[in-house]
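Note sheet for the following structure.
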Amino acid sequence: MTLMLQLYKCEICGNIVQVMHNGEGELVCCGMPMGLLVPYEKKDEKGEKHIPVFTNNMTIEVGSVPHPMLTEHHIEFIEALSEDNSEIHIKFLNPGDKPSMDLNSEYYVKAIEYCNIHGLWQGNKE
């Protein structure tokens, strides 16, 4: 069963999809089931550069130490979510961009980001 806002990735072509409503089916790409992306929240040496941090009520930065934004290693997107998941805000990033996101509301309490090498990471507003 797929749940609203879950992210899935194709291990063959790299396609990433987000579920818009709950469903019974299996997501398939390139003839194979897609894998569910589960966010890391560990505060270790990788987390230092990956966990999204709310620096104030209106900004999210990736990592307490800035994440590299190189062609070979970068953040692909940041997503902010409200407490009940009724509001989401997504920013897509490119190599060379600053790994941060300005918000248009103070209601966001959770953030996820996707690193092209280290996967999905989550941080919460404290």
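The values are calculated or read from the model by the stated rules, or taken from the named source; none is laboratory data. Only a predicted model underlies this, so the values are computations on that prediction, with no experimental measurement involved. Glycine also receives a Cβ, built like all others from the backbone with ideal geometry; neighbour counts cover every protein chain displayed.
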Conditions (1) at pLDDT below 95; (2) more than 15 Å from HIS118 (Cβ to Cβ); (3) in a loop (DSSP other than H, G, I, E, B) -> GLU11 fails only (1)
Out of all the residues in segment 83-90, is one or more of a type outside the set (S, T, N, Q), modelled with pLDDT of 95 or more and within 13 Å of ASN56 (Cα to Cα)? no
Quick one: how many residues across segment 66-105 are under 16 Å from the mean Cα position of the chain (by Cα) and in a strand (DSSP E or B)? 17
Being without any contact (Cβ under 8 Å) to a residue 24 or more places away in the chain and among the polar types (S, T, N, Q) narrows SER82, SER64 down to just SER64
Residue under question is LEU36, and the condition is that it be in a loop (DSSP other than H, G, I, E, B), modelled with pLDDT of 95 or more and among the aliphatic types (A, V, I, L, M); does it hold? no
Of the listed residues (GLU72, GLU83, GLU87, GLU61), the one being exposed (fewer than 11 other Cβ atoms within 10 Å of the Cβ) and of a type in the set (Asp, Glu) is GLU72
Taking the stated definitions as given, is TYR40 under 15 Å from LEU7 (Cβ atoms) and aromatic (Phe, Trp, Tyr)? yes
